[in-house]
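*Asks:* Here it is, the structure, as structure tokens.
Nothing in this text is a laboratory measurement; each read-out follows from the coordinates by a stated rule. The structure displayed is predicted, hence computed values, not measured ones. Ideal geometry is used to build each Cβ from the backbone, glycine not excepted, and the neighbour counts take in all protein chains shown.
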Amino acid sequence: DSGVTQTPKHLITATGQRVTLRCSPRSGDLSVYWYQQSLDQGLQFLIQYYNGEERAKGNILERFSAQQFPDLHSELNLSSLELGDSALYFCASSVGGETYEQYFGPGTRLTVT
Amino acid sequence: GNSVTQMEGPVTLSEEAFLTINCTYTATGYPSLFWYVQYPGEGLQLLLKATKADDKGSNKGFEATYRKETTSFHLEKGSVQVSDSAVYFCALRDQPSNLNEKLTFGTGTRLTIIP
């Protein structure tokens, strides 16, 4: 158990809908990262937050957004969903700064039908 | 940009066989290197890491050495077990001066160990 929690574990929804994925980082970790794992794209970095502020953006679509709240949990919002958005979405957390390890949650499997 | 090239799978070995999964990278300077493992139905677990050239990371019988001259970080284990069956990902993170904390992953190598 990494200490990172993600909910829900599975999500099935229809095209055009909007969903919210939630992540709680390990106690004491200030950085939260979101990654997408799909069969065709592999594991790709989406976005990072550090202590409530956006720090880095990767290959995140404009239909996707995220935020980190004062209690440090984070939410990834996916809207106008398409079939191609079906993937496993991972959250990871780290202390940040000079500590390099990122610890991953169990993921949320999103299926868009 | 940064990239990681990983040995194509799947790899199937008999129990107690020697394992090598190749990983090479492209990055400027001195990135940190990692191996993550993903067991069926689970998230990624950090297996081992190395943060500077010639460092050897090790954990659970697995080892990998950071070779700057060949830009490689090959994963090895002397005697694999059925419980090692999983998908293995090589990853890198930029050196600290680049202020880029994201991980860049290889495509993953699926390992199956048969009794």
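*Asks:* GNM, chain A, Cα, under 10 Å: largest mean-square fluctuation among A:D40, A:D29, A:D85?
*Replies:* A:D40
*Asks:* On to the next question. Distance in nm between label sites at B:L99 and A:E75, each 7 Å beyond Cα in the beta-carbon direction?
*Replies:* The answer from the label model is 3.0 nm.
*Asks:* Would you work out the relative contact order for chain B, in percent, from Cα pairs under 8 angstrom that are 6 or more residues apart?
*Replies:* Once normalised by length, the contact order is 36 percent.
*Asks:* If r is the Cβ-Cβ distance from B:K68 to B:Q45 and R0 is 22 Å, what FRET efficiency results, to the nearest 0.05?
*Replies:* Computed FRET efficiency for B:K68 and B:Q45: 0.25.
*Asks:* Computed over the Cα atoms of chain A, what is the convex hull's projected area averaged over all directions, in nm²?
*Replies:* Directional mean of the projected Cα hull area for chain A stands at 6.5 nm².
*Asks:* Hey, another quick one. Please give the Cα centre distance for the range B:64-115 versus the range B:9-34, rounded to the nearest Å.
*Replies:* 5
*Asks:* Restricting to Cα pairs below 8 Å that are 6+ residues apart, what does the relative contact order work out to for chain A? Please round to a whole percent.
*Replies:* Relative contact order for chain A comes out at 37 percent.
*Asks:* In nm, to one decimal, how far is the modelled label at B:Y30 from the one at A:T5, with both set 7 Å along Cα→Cβ?
*Replies:* Going from the B:Y30 label point to the A:T5 one covers 4.0 nm.
*Asks:* Here is a follow-up. Quick check: pseudo-label points 7 Å beyond the Cα along Cα→Cβ at A:T111 and A:Q17, how many nm apart are they?
*Replies:* 1.2
*Asks:* Mind checking which lysines have their Cα closer than 23 Å to the Cα of B:K77? Skip sequence neighbours fewer than 8 apart in that chain.
*Replies:* Partners found: B:K49, B:K52, B:K56, B:K60, B:K68.
*Asks:* Using θ = phi - 60° and the Karplus relation 6.51 cos²θ - 1.76 cosθ + 1.60, list the HN-Hα couplings for the range A:18-35 in order, rounded to whole Hz, with x at every Gly or Pro.
*Replies:* 3J(HN,Hα) across the range A:18-35, in whole Hz: 10, 9, 10, 9, 10, 9, 10, x, 4, 4, x, 7, 9, 9, 10, 10, 10, 10.
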